[in-house]
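Here's the structure we're looking at; comments come further down.
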Amino acid sequence: MDLRIRKTKKQLRESLVTLAGEKQLNRIAVTELSRHAGINKATFYLHYSNIYDLVHEIEDEMIDEFVRKLGKVDSFFRNFPLFLDVMKETYYENRPFMFILYSNNMTLELQDRIISVLIEKIKEENPHIDFNEDLRPILMLCLRGVLDIRLYDEFRDYERLKKNLTQFIEFQAEYYRAVTRRSAEYMEIS
């Protein structure tokens, strides 16, 4: 990406964080954001159609970075402490932006997007697993809980939290393995 484009986008992001600290996203005009970033309004529209396009681009980059750091998404089941550490790290690296989403009631939308990406990656990495109606709600419940950004601020003893959540996820993973085995055994009998 051209250095000027990167600089412009960086200025817009920083201005968005600053202005969103003062008011709701729906109260920020493109003109105000552009002025604060020191760019022309027409330049903003070269890159985005509205402020929410900018927000979605930041979300996409955050999701991509999270998945990249995670490596195999399957670590959710196989190495949950790693998954949780990467989630926490991503949250803290993006804390000002996460605050914008949280204060504008947009975290559920972000969670839905992350969950969709993670579920697709888990399916891709585990073609042998039948993603049936037994697994999907369990996985969604677990992912939504871990993706709740308040989790990292409300609990002071992170290591204890990680230990307890790991035990819970391991229990759920074992439950799913048992359901999958029973399903496979049933299919063989039929």
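Just so you know, all these numbers are worked out from the coordinates, no wet-lab data involved. This one's a predicted model, so the numbers in the text were calculated from it and none came from an experiment. Ideal geometry is used to build each Cβ from the backbone, glycine not excepted, and the neighbour counts take in all protein chains shown.
Taking 30 Å as R0, compute the FRET efficiency from the Cβ-Cβ separation of ILE5 and ASN26 and round it to 0.05.
Once the sixth-power term is evaluated, E becomes 0.70.
Round to the nearest 0.05 the FRET efficiency obtained for TYR52 and LEU141 when R0 = 30 Å and r is the Cβ-Cβ distance.
0.60
Based on Cα coordinates alone, diagonalise the gyration tensor for the stretch 27-100, multiply each eigenvalue by 5, take square roots, and list the semi-axes in whole Å, largest first.
33, 12, 8
Using the alpha carbon gyration tensor of the chain, what are the three equivalent-ellipsoid semi-axes (square root of 5 times each eigenvalue), largest first, in whole Å?
Three semi-axes, in Å: 39, 18, 14.
In deg cm²/dmol, rounded to 500, what helix-only [θ] at 222 nm does the chain give when every DSSP H run of at least 4 residues adds -39500 (n - 2.57) and the total is split over its residues?
Here the helix-only value at 222 nm equals -25000 deg cm²/dmol.
Compute the length gained on full extension between LYS69 and THR166: take 0.36 nm times their separation in residues and subtract their Cα-Cα distance, giving the result in nm to one decimal.
Length difference between fully extended and current span is 33.0 nm.
If I take every Cα pair under 8 Å that is 6 or more residues apart in the stretch 1-63, average their sequence separation and divide by the length, what percent do I get for the relative contact order?
29 percent
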